[in-house]
Structure formats: structure tokens, C-alpha cells
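A.B. asks: Let me begin by handing over the structure; questions about it come next.
Only the coordinates and a few stated rules stand behind these numbers; no lab work does. It should be emphasised that the depicted structure is a prediction, and the values quoted were computed from it without experimental measurement. So basically every Cβ, Gly included, is an ideal-geometry build from the backbone, and we count neighbours across all protein chains shown.
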Amino acid sequence: MYLIPKPKQIETKEGAFFISYQSYLCIDQSCSAKVARQTLLFHENLKKIIGYDLEITRGNAKQGDIVFIQDNKKDSESYQIEITKENVVITGSESGLWYGMQTLLQIAQQEGGKLPCIQIQDEPEIANRGYYFDVTRGRIPTLNWLKTLADRLSYYKINQLQLYVEHTYLFRNISELWRDDTPLTAAEIIELDSYCAERGIQLVPSLATFGHMFKLLSSKKYTHLCELEDSDKAPFCLRSRMHHHTIDASNPESLELIKSMISEYMGLFQSNLFNICADETFDLGKGRSKETAQKYGKDHFYIHYVKELCEFLVQNGKRPMFWGDVILEFPELIQELPKETICLNWGYMWNEGEERIQKMHEVGAVQYCCPGVCAWNMFVNLNWCAYQNNKRMCSYAKKYEAIGVLNTDWGDFLHINHPEFSRPGLIYGAAFSWNTSDIPEYEEINKWISKLEYHDNKEKFLDIVAGIEKNLGFTWEHACRYREILDNIEEYIQENKKSMSESLNVMNNIDKKNERLQDIQLQMYEYLKEIDSDRKSEIYPYIISIDGMIIFNKIGKFVMTKDFGMTFEIMPDNKDLAQELENWFYHYKKVYRTVSKESDLWLLQDMICFYGNYLRDWCII
């Protein structure tokens, strides 16, 4: 039997408890109104697992019942489960009871109505365990999908969710931000916030307030607040959208505007936290604020602006958070920020070192460690990298007394990957932040996830998925960079050419890679018989994405032949490949719309049309 996260103590005993159709879910008189409501949620999920309905009562437990007892003397998220032949009793704090319910659901998922007699004592090692999802650079999910995400987070005991917003919220007085988009609305945020709260999740507002403000600072109304003059007149490209558009921190109007946006947005959330981001301010001091930055020093200039926003939040009863990449250059200045401030210290490499975490710890920063699900820039996530990265960062969090872990899922280059592919990475973060002391090996936890999450009775689904990332060739990032070269985006031409040249080796044996990808795709078709009916639909997006990888590997042949001096024994017909690409995209869009609003789908479509035209016009001169 597998449990994710792995509990701290498990003792198995003889015998079994049978969940009879006459069993009751008994809410002890000690339980709060919230626990009573959560029992109703547990009841719904248990019915899906065992197939029959149990009655619910309050107090007066009898033999054969599943009983919930609230003990406020227990630590805030601890719980105990005792399964005997006579009863199931879950005891815990208010939050702990909810986590005990999730563990019991996992047991029932695997054991059915006959539960082994067992005693579990459990509590998390890291208090704050979060997930961060990008709803700006490609995808704006539907509310229904976000609720499904919240359900999954709670099942694996994650207690915080943040949505990364630059321009994808419907601000009342800035229609230029969202007029060509499908933004999240106040009603959706309020509904999601309530939905999360009932499931033990704090929905934390996150808003770009310094760098990464493309839409705001390209608008006619606010382009004068952009650090670089005339940046709104520059040709659009995905890299520029991410790399530029830092706000002019020397202009008092900038603070006034950002504070007004924060005020409108923070009122939608119950959380006492607020993430102002403030990361990757690449243009700071290079344009309109150059004189001020030189006068005070770039470091102090940066901190002054961040401090203003943090103090504003504290005055409004909120605890500020911000990304730590900039302050790592001058860590001692963390002391100038309000003591409540939390530094979000990120690092996404599979072999990520501890130096960044150690550096901020030594200057007394209160911090979260922030790993990633390794999803961005490609069709299918790099699960092995996500495992290694989360394993390291969660361990550093424990070692350097970080108060939280925030596992990130970014959407660089239009969020091409299907968001559901991040499930393994999400679960790695959930498991390792709860229990940093007992981290399973990669192959082992993939068996657990295959069983628990994908309802795979042979426990091999993620083994099949693991083969995909071993056959990368001409990736989506390559496609985006090459288009910037052909579009003559001068700023990035040399960098893009260098990056493409350094990636020539990935095109070696590209036909063999495509053959292996086709084999994996066929394995997935065959493996449908091993997946329970409620999870079979999870395989279809993988099949679609593998086709996308194969098609772009073929496109890479034309790119590398024309501009990078490579030759290939076999070349596809360029016009046939163009049609294959466009037919594939029709099905890709169907998958896209199952989880996302239209959002930036039009930009993805533009990219596909670009490559369709490129293939039809292709020739070597």
C-alpha cells in the first residue's frame, strides 16, 4: 500500500475493518463547523471510491463507524489514524483532520471496503507547502480546471496555491490590459478562494509589480512609466515580453498605480499573504531611472521601491512575499525590508546547489525554497529533473530552516505543455516538503504515483512517460528562437544563433528518436487497458504531445539543413509535413480547451501558421 506523502510513523496490525453500507461517518462534538463541512467533502469522495453511500451523524459513535475527533492540543497539522476491527478513528487538529481524511481516502482507493488494521502518526516537516501556477504567459485556465487543481493539491496535503498574474485579471479601470484576452474575473477569484479554503488551501495573491509588465507598460495609457522609452514600438516577440518592461521606479506615479492595483486585487482573497514578485528587473536603471539609480546605487534603488510596496502591504494587514533573484546580489539589504517579508528563493536545475539558500539564511532572511516542475519550453515535462530539483530544494528548506516550499509551474514560450503533465512534479513537491527525512527513489515514487494518481494497476505508466524526455530533439524553445531569427529580432539574433548552434547535437539520430517516440506512443495506446476508466482520458494528451514532438523534430531537419549546415539521409516532403502540422494542431487545440480559456491560443496558432508557411516555401538557395 502506498501513501503520498509518506506518513512519519506507520504500524500495521492484524485484522481488518470493513466499511459496511451501515457504517456511519461520525463527527464528534469536538469538531468545528469547518470539519463538519469537510466531512461532507470526504463523504462525496469516499462514495466515488467504494461505490455506495454512508450516512453521516454527529456524536454518539457506535461500533462500525468512521469517527472524526478534533483535538486542539495537537500541533496545527498533525493527525492520527487508528484502524481496528471495530472502528476507524481519526484524531487531529482542525487542519490535521482534513489531512487524515486524505490519507484514509488513499487507503480506501487501494484496499476498497476492507481496510487493514493500522496506526498512523503523522505531521509535516515544512509548515507552508505551496504550488505556483503561471496564468499569464500562455494559458488562463478555466475555473473548473482550477478547482480540479485545488482538489489534487488538497489530496496530497499542499496548503497554498498562487496564480502568477501580470495582466490576466480584469482590472476595472485598465481595459487595455485584457481587451484582447480572456481574463480571470473577480467573481472567479472569490469563488476559487472560497473553494480552496474549504479544502485547507490558502489562495495567495501574486501580482507582477516591478518587472515582467509587458501589457501594462505597452499600453497607451501607461507606456510613459516603462523604464525603456519607446519599448511599446518594438516588434513583439516572446523573449522581449519576458525580458523587458520594467516599471520606472523613479516616477512617483508608478508607485501610485501599483498600489492601486494591489488594493483592488488583494481584497478578493482571504489570505494574509501577498506576493509582489519584483523579480528579473533586467532594465532597472538603464532608461528613465538611470540618473536616480546612479545617485543612490542600483541596489538601494531596488530595495527602496520593494520596501515601499512591502510597507504598504503590512499597513493593510498583509504579509509581503517577493522573488529573491535580484536581492541575491546584495543579500544584506534584506534587513531594510519589514521583518514580516518573505523571500522566495528559487532554483530550478536538476543539480541545484544550496548556496542561494544558505546565503539568504546567513543574513537572517525569512524564506521559502522554490523548486519547479520542469515543464516550461517543451511539449512534455522533464519529470526526472523535477524529481531531483524538488528533492534537493526540499532538503535545503529543512536544513536552512525555511518556513515554506513553493513548487513552481511556469509558462514560458506560451505554455505549450499540457498542464496536467505537471502532476508528477506537483506530487514530488508535496511528498518531499511534507516528509524531507524519507524521500523515495525516483523509480519507487513513480510506481506510487502511477498507482494512486493514474489508477494504474501495473504501476508502470510513469515508466513509459519517462522515455519521452530521453528523445528530445528540435524542441518548442528551438522553434521559438528560430522564428525570432527569421523575424529579424535584432536584440536576440546572436544569442539565438549561438543557442541553436550549441543544440546541433540534439538533432543527431533524430530519426531514431522519432522511432522511439512512436514506440512510446504505441505503448500508450496499448496501456489504456491497464488504466481505470476514470483516468483513461489522461493518456490522450500524451499521445497528442508526442505527435507534436515528432513533427517538430522533422521541422528541425529543414531548419538545420537550411541555416546550420547539417545534412540528413532522409528528408520528409515539406508540403506534406505542413499539412501534418496543421492537422495535428486541430487536435492539440481540442486538448488545450479542456483546461484553458482561449487566452494566448491565438499566438500559438500564429506560430503554427508561421511554420506551415515556412515549410511550404522551404527551399535551399
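A.B. asks: How large is ³J(HN,Hα) for each residue in region 7-21, as worked out from phi by the Karplus curve 6.51 cos²θ - 1.76 cosθ + 1.60 (θ = phi - 60°), to whole Hz, x for Gly and Pro?
C.D. replies: x, 5, 9, 9, 10, 8, 10, 6, x, 8, 10, 9, 7, 6, 5
A.B. asks: Additional query: Please name whichever of 428, 397, 304 sits farthest to the positive end of the charge dipole of region 304-432, dipole taken about the Cα centre and charges placed at Cβ: Lys and Arg +1, Asp and Glu -1.
C.D. replies: Going by the Cα projections, it comes out as 428.
A.B. asks: Restricting to Cα pairs below 8 Å that are 6+ residues apart, what does the relative contact order work out to for region 1-112? Please round to a whole percent.
C.D. replies: Once normalised by length, the contact order is 31 percent.
A.B. asks: Moving on to the next point. Per the Debye formula with a single identical scatterer at each Cα and no solvent contribution, what log10 I(q)/I(0) holds for region 479-621 at q = 0.18, 0.19 Å⁻¹?
C.D. replies: Debye intensities relative to I(0), on a log10 scale: -1.17, -1.26.
A.B. asks: So which chymotrypsin sites (Phe, Trp or Tyr not before Pro) in region 531-574 are both in a DSSP loop and have at most 10 other Cβ atoms within 10 Å of their Cβ?
C.D. replies: Those that pass, being in a loop and sparsely packed, number zero.
A.B. asks: Mind pulling the angle between the C-alpha long axis of helix 601-617 and the longest principal axis of the chain? Nearest 10 degrees, somewhere in 0 to 90.
C.D. replies: Approximately 50 degrees, to the nearest 10.
A.B. asks: In deg cm²/dmol, rounded to 500, what helix-only [θ] at 222 nm does the chain give when every DSSP H run of at least 4 residues adds -39500 (n - 2.57) and the total is split over its residues?
C.D. replies: -14000 deg cm²/dmol
A.B. asks: Given a cut-off of 19 Å, what percent of all Cα-Cα pairs of region 199-342 lie beyond it?
C.D. replies: Of all Cα-Cα distances in region 199-342, 51 percent exceed 19 Å.
A.B. asks: At 7 Å along the Cα-to-beta-carbon direction for both residue 259 and residue 234, put a label point, then send me their distance in nm to one decimal.
C.D. replies: 2.9 nm
A.B. asks: Collect residues whose amide H, placed 1.01 Å from N in the peptide plane, falls under 5 Å from the amide H of residue 24; neighbours closer than 5 in sequence don't count.
C.D. replies: 65, 66
A.B. asks: Write down Rg/Rh for region 67-110, rounded to two decimals, with Rg from the C-alpha atoms and Rh from the Kirkwood relation over Cα pairs.
C.D. replies: 0.98
A.B. asks: Next question. So if I take the centroid of the Cα atoms in region 170-194 and the same for region 57-113, what is the distance between those two points in Å?
C.D. replies: For region 170-194 versus region 57-113, the Cα centre distance is 39 Å.
A.B. asks: Right, here's the next one. Per 0.36 nm of contour for each residue apart, how much would the distance between residue 86 and residue 523 grow if the chain were fully extended, relative to their Cα-Cα spacing?
C.D. replies: 152.9 nm
A.B. asks: When the chain is fully extended, how far beyond the present Cα-Cα distance does residue 43 get from residue 586, taking 0.36 nm per residue of separation?
C.D. replies: Answer, rounded to one decimal: 191.5 nm.
A.B. asks: Roughly what percent of Cα-Cα pairs across the chain reach past 49 Å?
C.D. replies: Taking all Cα-Cα pairs of the chain, the fraction more than 49 Å apart is 15 percent.
A.B. asks: Next question. Hey, got a sec? Which trypsin sites (Lys or Arg not before Pro) in region 304-364 land in a DSSP loop and have at most 13 other Cβ atoms within 10 Å?
C.D. replies: 339
A.B. asks: Output ³J(HN,Hα) for region 144-159: one whole-Hz value per residue in order, computed from phi by the Karplus curve 6.51 cos²θ - 1.76 cosθ + 1.60 with θ = phi - 60°, and x for Gly and Pro.
C.D. replies: The phi angles translate into 4, 5, 4, 5, 4, 4, 4, 4, 5, 4, 5, 4, 9, 6, 8, 10 Hz.
A.B. asks: To the nearest 20 debye, what is the magnitude of the charge dipole of region 54-127 about its Cα centre, counting +1 on the Cβ of each Lys and Arg and -1 on the Cβ of each Asp and Glu?
C.D. replies: 320 debye
A.B. asks: Taking the Cα centre of the chain as origin, sum charge times position over the Cβ atoms of Lys and Arg (+1) and Asp and Glu (-1), and report the length of that vector in debye to the nearest 20.
C.D. replies: Around 580 debye, computed over the chain.
A.B. asks: Compute the angle between helix 476-486 and the longest alpha-carbon principal axis of the chain, please, reported from 0 to 90 degrees and rounded to the nearest 10.
C.D. replies: On a 0 to 90 degree scale, this one is about 20.
A.B. asks: Follow-up. Just need the relative contact order of region 403-539 here, percent rounded to a whole number, with Cα pairs under 8 Å and 6+ apart.
C.D. replies: 25 percent
A.B. asks: Beta carbons within 10 angstrom, averaged per residue: use that to sort the peptides 378-391, 4-17, 160-173, 525-538, highest first.
C.D. replies: Averaged packing, sorted descending, gives the order 378-391, 160-173, 4-17, 525-538.
A.B. asks: Moving on to the next point. Using the alpha-carbon centroid of each, what span in Å lies between region 370-409 and region 216-262?
C.D. replies: Here the two parts' Cα centres lie 30 Å apart.
A.B. asks: Right, something else. Could you tell me which of rounded, prolate or oblate describes region 358-514, using a ≥ b ≥ c as the square roots of the eigenvalues of the alpha-carbon gyration tensor, with rounded for a/c under 1.5 and, failing that, prolate when a/b is larger than b/c and oblate otherwise?
C.D. replies: Note, shape of region 358-514 comes out oblate.
A.B. asks: Restricting attention to region 393-494, which GluC sites (Glu not before Pro) occupy a DSSP loop and are surrounded by at most 12 other Cβ atoms within 10 Å?
C.D. replies: In loop regions of region 393-494 (DSSP not H, G, I, E or B), the sparsely surrounded GluC sites (Glu not before Pro) are 401, 441.
A.B. asks: Another question, then. Quick check on packing: order 95-103, 275-283, 181-189 by the mean number of other C-beta atoms within 10 Å, highest mean leading.
C.D. replies: 95-103, 275-283, 181-189
A.B. asks: While we're looking at this one, here's another question. Label 7 Å along Cα→Cβ of residue 336; region 302-324 residues with amide nitrogen under 12 Å?
C.D. replies: 302-308
A.B. asks: Explain nothing, just the number: relative contact order of the chain, from Cα pairs under 8 Å at least 6 residues apart, as a whole percent.
C.D. replies: 12 percent
A.B. asks: On a full-extension model of 0.36 nm per residue, what is the gain between residue 197 and residue 311, subtracting their alpha-carbon distance, rounded to one decimal in nm?
C.D. replies: 38.4 nm
A.B. asks: With the Cα gyration tensor of region 306-372 giving a ≥ b ≥ c as the square roots of its eigenvalues, does the rule (a/c under 1.5 for rounded; else a/b larger than b/c for prolate; else oblate) give rounded, prolate or oblate?
C.D. replies: Prolate, since a/c reaches 1.5 and a/b exceeds b/c.
A.B. asks: Among rounded, prolate and oblate, which fits region 479-526 when a ≥ b ≥ c are the square roots of the eigenvalues of its C-alpha gyration tensor, a/c under 1.5 means rounded, and a/b larger than b/c means prolate?
C.D. replies: prolate
A.B. asks: Report, in debye and to the nearest 20, how large the dipole of region 401-505 comes out about its Cα centre when Lys and Arg carry +1 and Asp and Glu carry -1 on their Cβ.
C.D. replies: 340 debye
A.B. asks: Starting from the 7 Å offset along Cα-to-Cβ, what nm value, one decimal, do you get for the label separation of residue 567 and residue 329?
C.D. replies: Label-label distance for residue 567 and residue 329, simple model: 4.8 nm.
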